[in-house]
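Trainee: Before we start, here is the structure in question, set down as structure tokens.
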Amino acid sequence: MIQIDIATNKQSKISVYPLLDGAVLTTSGEAIKSNNTVTNFLAAGEHQGKFGMVRSVYLNDERALFIGAGEADKLTLHKLRALAAKVAQKLNKNSVEHADIYLSELKVSDVSLADKVQAIAEGLWLGLYTFDTYQTKEKKGKTELQSINIMVDGNVSEAEQALAAAKAIASGTIFARDLGNEPGNVCTPEYLGDQAAALSHPKLKTTIMDKAAIEKAGFTALLAVNQGSNKEPRFIVMEYNGADNDDAPIALVGKGLTFDAGGISIKPAGQMDEMKFDMCGAAAVLGVFKAITEMNLPINLLGVIPSTENLLGGSAYKPGDIITTYKGLTVEVLNTDAEGRIILSDALAYAVEQKPAEIIDFATLTGACVIALGGQATGLISTSDNIKQGLIQSGKHTHDRVWELPMFDEYQEQIDSKIADIKNTGGREAGTITAACFLSRFVDDMPWAHLDIAGTAWNMKGTDISPVGGATGAGVRLMVDYLRHKV
Ligand code: BES
Ligand code: MN
Ligand code: ZN
């Protein structure tokens, strides 16, 4: 991650000024407007402030870069974040090493300087993200940019605090992206466990269960899915006691399928490679832990991650099998590709036993959610109005958005089994909801929310703040914001 600082006075030879629709400048841009070169540049009218457009002019030995910010009254916090990502990429592409940027002068209604600085810094760091570990020749997205100053004229300490928060959030998001982007032959359950164990903080205790420990604990549903794989499963438990008291923690549960071939109900070959991302729920949980430990957030948090591959083999679980879960409920397996809910059932039942205040799970659970919401929103299903409202608020604020789907009682009938307690698929209709119904059988009356990140966790085309494509780190900004409101 490049160096980002808060500054009040000019530091660099390159400055970035926002230009609003109609070629309107903000305070610092206004201050250089009388310079002939700038006057001529603006008079030429080529740059009218169109969102994202960049043009630069040379002023003696300095350079001014004008970034279009679009219509003033249409600015949002996320547009600021996206604009910052554009600026960072542009500077990097042009081999700029140091720059001062004046984006915080843009006014967004009802938004504080701290929020603007946080969004700008997030955009800069996330926009520069690349995953080129495996490109042995020329690295396409090589970062030459070394430092950026976010220029502010107001409260420096407020801005610096926001910058520190942004740094923790970006580093958690980048950690989640890296884990997601690692290929399945590298990011195995064992690797996920090692990565979790490597997160260290005086108030964090991490326990990694290997296969023997999982057998001993009785996580039989996880073991059933693991049968077809010759790699050991892992069950990761993280306890962060940041509040220094016995308050019940918030439990985060993440699906850690390091590769999902579908099992005996094998998936079609097209895009099967993308199923290396089926551990993005786990990555989101780990990213949140990285961020909140870096922030020393005074809250108690429990993390639970079941991890395995879902493959085919002579020992693989089969359609028709009936398995007994950790909780004791029996499951008729109708489709081995609906494996996420199976491994999550043990993790959720375990989380309930730890008596948390609430449980929130993250999972790339259903293709149906991708069809319903695409890449623009995470599916949200919850039994708690409180959690629901908090998540919707945080989703709006961070632009890591969620959208609610209903879980009416009637949907539960779709997963009733004739020969076991429940079956693992509820048919084609309302696939995201019936998957949640399945999970709901394992959380008792605990306040609970399920986040289906199947559509948001990765994006092969790339997005405004995740331009290279691949894992997005969905859920990290959302959850850190949600948790900050619990303080
Ligand atoms: N990991 C997949 C869900 C998924 C599919 C996420 C495509 C993102 C893109 C999950 O394990 C799965 O295969 N779900 C099945 C469930 C079905 C068999 C009831 C699905 O959605 O097709
Ligand atoms: Mn599957
Ligand atoms: Zn899966």
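Quick grid of which residues meet (1) open to solvent by 10 Å² or more (accessible area, probe 1.4 Å); (2) in contact with a Pro (Cβ under 9 Å, 6 or more places away or on another chain); (3) not assigned by TED's automatic domain parsing to the domain that holds Tyr17:
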site: Ala64; (1), (2), (3): no, no, no
site: Lys74; (1), (2), (3): yes, no, no
site: His78; (1), (2), (3): yes, no, no
site: Leu83; (1), (2), (3): no, yes, no
site: Val87; (1), (2), (3): no, no, no
site: Ala99; (1), (2), (3): no, no, no
site: Val108; (1), (2), (3): yes, no, no
site: Val111; (1), (2), (3): yes, no, no
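Trainee: May I ask you to say which residue of Ile371, Ile322 is within 16 Å of ligand 3 (Cβ to nearest atom) and more than 20 Å from Met279 (Cβ to Cβ)?
Mentor: Residue meeting the stated conditions: Ile371.
Trainee: Return yes when Phe442 is in contact with a Ser or Thr (Cβ under 7 Å, 6 or more places away or on another chain) and under 20 Å from Leu257 (Cα atoms) and no when it is not.
Mentor: yes
Trainee: Within the stretch 76-110, track down each residue that is farther than 16 Å from Ser15 by Cα and within 23 Å of the chain's Cα centre (by Cα).
Mentor: Hits for the stretch 76-110 are Thr76, Leu77, His78, Lys79, Leu80, Arg81, Ala82.
Trainee: Still on this structure, please answer the following. Name every residue in the stretch 225-263 that is farther than 20 Å from Ala474 by Cβ and within 12 Å of ligand 1 (Cβ to nearest atom), in order of residue number.
Mentor: Correct list: Val225, Ala261, Gly262, Gly263.
Trainee: Given the residues Gly313, Gly242, which is the only one that is out of contact with any strand residue (DSSP E or B) (no Cβ under 7 Å at 6 or more places or on another chain), farther than 24 Å from Asp178 by Cα and in contact (Cβ under 8 Å) with a residue 24 or more places away in the chain?
Mentor: Gly313 is the lone residue from the list that is out of contact with any strand residue (DSSP E or B) (no Cβ under 7 Å at 6 or more places or on another chain), farther than 24 Å from Asp178 by Cα and in contact (Cβ under 8 Å) with a residue 24 or more places away in the chain.
Trainee: Is it the case, given these coordinates, that Asp346 is assigned to a strand (DSSP E or B) and either in the same structural domain as Thr308 (by TED's automatic domain parsing) or closer than 23 Å to Thr472 by Cα (or both)?
Mentor: The answer is no for Asp346.
Trainee: Residues of the stretch 213-231 being open to solvent by 10 Å² or more (accessible area, probe 1.4 Å) and within 26 Å of the chain's Cα centre (by Cα), which ones?
Mentor: Of everything in the stretch 213-231, nothing turns out to be open to solvent by 10 Å² or more (accessible area, probe 1.4 Å) and within 26 Å of the chain's Cα centre (by Cα).
Trainee: Now for a different question. Would you pick out the residues in the stretch 309-352 that are within 14 Å of Asn424 (Cβ to Cβ) and hydrophobic (A, V, I, L, M, F, W, C)?
Mentor: Correct list: Ile322, Ile323, Leu329, Val331, Val333, Leu334, Ala338, Ile342, Ile343, Leu344.
Trainee: Of the residues that sit in the stretch 333-350 and are more than 14 Å from Pro306 (Cβ to Cβ) and open to solvent by 30 Å² or more (accessible area, probe 1.4 Å), which one is nearest to ligand 3 (Cβ to nearest atom)?
Mentor: Asp337
Trainee: Tell me, which residue of the stretch 248-305 that is without any contact (Cβ under 8 Å) to a residue 24 or more places away in the chain and of a type in the set (Gly, Ala, Ser) is most open to solvent (accessible area, probe 1.4 Å)?
Mentor: Ala269
Trainee: Still on this structure: When residues of the stretch 434-458 are filtered for being open to solvent by 10 Å² or more (accessible area, probe 1.4 Å) and over 12 Å from the mean Cα position of the chain (by Cα), how many remain?
Mentor: Total meeting the criteria: 6.
Trainee: Residues Lys396, Lys388: which one is in contact with a Ser or Thr (Cβ under 6 Å, 6 or more places away or on another chain), of a type in the set (Lys, Arg) and modelled with pLDDT of 95 or more?
Mentor: Checking each option against the conditions leaves just Lys388.
Trainee: Where the second residue is open to solvent by less than 10 Å² (accessible area, probe 1.4 Å) and within 10 Å of ligand 1 (Cβ to nearest atom) and the first is closer than 12 Å to Val443 by Cα and lies in the stretch 336-351, which pairs have Cβ atoms under 9 Å and are six or more apart or on separate chains?
Mentor: Listed pairs, sorted by first residue: Leu344/Lys255; Leu344/Gly281; Leu344/Ala363; Leu344/Phe438; Ser345/Phe438; Ala347/Lys255.
Trainee: Sticking with this one: Within the stretch 306-316, take every residue that is buried (at least 24 other Cβ atoms within 10 Å of the Cβ) and more than 20 Å from the chain's Cα centre (by Cα) and give me the one that is nearest to Thr432 (Cα to Cα).
Mentor: Asn310
Trainee: Whether any residue in the stretch 351-370 is surrounded by 24 or more Cβ atoms within 10 Å (Cβ to Cβ), more than 16 Å from ligand 2 (Cβ to nearest atom) and assigned to a helix (DSSP H, G or I) is what I want to check.
Mentor: Looking for residues that are surrounded by 24 or more Cβ atoms within 10 Å (Cβ to Cβ), more than 16 Å from ligand 2 (Cβ to nearest atom) and assigned to a helix (DSSP H, G or I), one finds at least one in the stretch 351-370, hence yes.
Trainee: Further question: Just to be sure, is Gln227 at pLDDT 95 or above and over 26 Å from Gly287 (Cβ atoms)?
Mentor: Yes, satisfied.
Trainee: Sticking with this structure for a sec: So Lys327 clears everything in (1) closer than 24 Å to Tyr411 by Cα; (2) more than 25 Å from the chain's Cα centre (by Cα); (3) within 16 Å of ligand 1 (Cβ to nearest atom); (4) open to solvent by 10 Å² or more (accessible area, probe 1.4 Å) except one condition, right? Which one?
Mentor: The single condition Lys327 does not satisfy is (3).
Trainee: How many of the residues making up the stretch 157-193 are open to solvent by less than 30 Å² (accessible area, probe 1.4 Å), farther than 25 Å from Thr398 by Cβ and assigned to a loop (DSSP other than H, G, I, E, B)?
Mentor: 3
Trainee: Is there a residue in the stretch 301-312 that is under 30 Å from Tyr240 (Cα atoms), of a type in the set (Val, Ile, Thr), within 16 Å of ligand 3 (Cβ to nearest atom) and in contact with a Gly (Cβ under 6 Å, 6 or more places away or on another chain)?
Mentor: yes
The values are calculated or read from the model by the stated rules, or taken from the named source; none is laboratory data. A quick note: this is a predicted structure, and the numbers were derived from the prediction, not measured. A quick note on method: Cβ atoms are made from the backbone with ideal geometry, for glycine too, and the neighbour counts reach across all protein chains shown. For accessibility, only protein heavy atoms count, side chains too; no ligands or nucleic acids. Shrake-Rupley method; radii C 1.70, N 1.55, O 1.52, S 1.80 Å.
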